[in-house]
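Novice: Please find one structure pasted underneath; my questions will follow.
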Amino acid sequence: ATPTSIMVGTGRAAELGVLFRRGDALQRLAEVPVMAFDKTGTLTCGAPALVARHGADGVDTDAVLRLTAAVERHSEHPIARAIEAAASGPLPTIENFEALPGDGLRARVEGREVLIGTARLMAEKGVALDSLRDAMTEVESRGQTPVLVAMDGAAAALFAVADPIKPTSRDAVASLRRAGVKVAMITGDTPASARAIAAELGIDHVEAGVRPDGKVAAIERLQRTYGAVAFTGDGINDAPALAAADVGLAVGTGTDVAIDAADVVLVSGDITAAVTARHVSARVLRNIK
Ligand code: ADP
Ligand code: MG
């Protein structure tokens, strides 16, 4: 592409809400065979709500929710806001709070050891899920995230959290696929929940159960499989992956850390801007003004 077509393309993209911060990203994006997306906050709204609760045998879920919310109050995760919003009344103070990135939280509340998070975390800590297993399968099959809670080492409750898909994500994925682009999703969610969302969006490749420090490895796996990869994300966790991708695109409504690490900024939260970015790149490559 000529310097003039790059300049014109950058200006045109900016008018359409896509900021190319580097000319080489504009020249490369249309040639990348796979576009990968973070799930939470990128393909989904990132504003989950608590939609169902299941108690283990003989457990009162209201009481568990109160203690869970007391711990989640200290977490930055979007799931924490959903749980906090669902609890009513004053929350007890907590001690020994510990965040377990990519897995959940633990703390001491009213003399009890409370562990919150994924089934993987429960398995690691030796918590048997028994009576919550069926509920978990059901929750995951709906594309919701199961938040498990154990008290003093015993399974207590399962809270289902649902994060709606952005209204434009489906169209964006469909447009990319029509253009012959492979679409992938990278998420910390469980494989079963992730697959349900991917199916709804028509996404062919899913990297699930990815820990925050594993997103770069997921990008590298995609690079080995497909050659080059563009990655779109919004979170602090996404910054290393945005830097590792051949082209990194940050959602403009996301965190500053993600925006700083990206080659391209999609100004609105609308994911169809990623399609626009690719379209402008293709025109520049063909030297169309
Ligand atoms: P994602 O952005 O895909 O949610 P994370 O790495 O932040 O990825 O978290 C992975 C998983 O760990 C979440 O889907 C959730 O199941 C669990 N998790 C993380 N933080 C919390 C929390 N504060 N409360 C409950 N579950 C959590
Ligand atoms: Mg995210």
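Novice: Out of (1) over 17 Å from SER193 (Cβ atoms); (2) away from ligand 1 (no atom under 11 Å from the Cβ); (3) assigned to a strand (DSSP E or B), the odd one out for LEU158 is which?
Specialist: Failed condition: (1).
Novice: Here's something else I'd like to know. Test each condition in (1) in the same structural domain as ALA172 (by TED's automatic domain parsing); (2) under 27 Å from the mean Cα position of the chain (by Cα) for GLY9 and report the one that comes out false.
Specialist: That leaves (2) as the condition not met.
Novice: Considering the stretch 141-155 alone, what residues qualify as being in a strand (DSSP E or B) and more than 14 Å from ligand 1 (Cβ to nearest atom)?
Specialist: MET151, ALA154, ALA155, listed by residue number.
Novice: Name the one entry in GLY235, GLY269 that is at pLDDT below 95, within 16 Å of ligand 1 (Cβ to nearest atom) and either in contact with a Cys (Cβ under 9 Å, 6 or more places away or on another chain) or not assigned by TED's automatic domain parsing to the domain that holds VAL18 (or both).
Specialist: Every option except GLY269 fails the conditions.
Novice: Only strands (runs of 3 or more DSSP E) wholly contained in the stretch 22-128 count here; list those with 3 or more residues that are more than 16 Å from ligand 2 (Cβ to nearest atom), within 30 Å of PRO167 (Cβ to Cβ) and under 24 Å from the mean Cα position of the chain (by Cα).
Specialist: Qualifying strands (runs of 3 or more DSSP E): 49-55.
Novice: If you don't mind, there's one more thing I want to ask. For ARG66, all conditions in the list (1) assigned by TED's automatic domain parsing to the domain that holds GLY143; (2) surrounded by fewer than 17 Cβ atoms within 10 Å (Cβ to Cβ) hold save one; what is the number of the exception?
Specialist: Of the numbered conditions (1) assigned by TED's automatic domain parsing to the domain that holds GLY143; (2) surrounded by fewer than 17 Cβ atoms within 10 Å (Cβ to Cβ), the odd one out for ARG66 is (2).
Novice: Quick check: anything in the stretch 51-59 in contact with a Lys or Arg (Cβ under 9 Å, 6 or more places away or on another chain) and surrounded by 18 or more Cβ atoms within 10 Å (Cβ to Cβ)?
Specialist: So far as the stretch 51-59 goes, no, none of its residues is in contact with a Lys or Arg (Cβ under 9 Å, 6 or more places away or on another chain) and surrounded by 18 or more Cβ atoms within 10 Å (Cβ to Cβ).
Novice: For the stretch 135-174, give me the residue count where each residue is over 21 Å from the mean Cα position of the chain (by Cα) and surrounded by fewer than 24 Cβ atoms within 10 Å (Cβ to Cβ).
Specialist: Total satisfying the criteria: 6.
Novice: Please state which one of ALA87, ALA56, ALA47, ALA70 is under 28 Å from GLY252 (Cβ atoms) and small (Gly, Ala, Ser).
Specialist: ALA47
Novice: Restricting to the stretch 201-236, name every residue that is aliphatic (A, V, I, L, M), surrounded by fewer than 17 Cβ atoms within 10 Å (Cβ to Cβ) and without any contact (Cβ under 8 Å) to a residue 24 or more places away in the chain.
Specialist: Correct list: ALA217, ILE236.
Novice: Further question: Going by the conditions given, is ASP38 within 15 Å of ligand 1 (Cβ to nearest atom), closer than 20 Å to ASP246 by Cα and in the same structural domain as VAL264 (by TED's automatic domain parsing)?
Specialist: When the stated conditions are applied, ASP38 passes them.
Novice: Say whether the condition of being surrounded by fewer than 23 Cβ atoms within 10 Å (Cβ to Cβ), away from ligand 2 (no atom under 15 Å from the Cβ) and of a type in the set (A, V, I, L, M, F, W, C) is met by at least one residue in the stretch 248-260.
Specialist: no
Novice: Sticking with this structure for a sec: Please note which helices (runs of 4 or more DSSP H) are completely contained in the stretch 195-287 and include at least 1 residues that are of a type in the set (S, T, N, Q).
Specialist: Ranges flagged: 215-226, 272-285.
Novice: While we're on this one: Taking the criterion of being crowded, with 22+ Cβ neighbours inside 10 Å and at positive phi, would at least one residue in the stretch 29-41 satisfy it?
Specialist: Yes - at least one qualifying residue is present in the stretch 29-41.
The values are calculated or read from the model by the stated rules, or taken from the named source; none is laboratory data. Not measured: the values here are computed from a predicted model. Here Cβ is always computed from backbone atoms with ideal geometry, including for glycine, and neighbour counts include all displayed protein chains.
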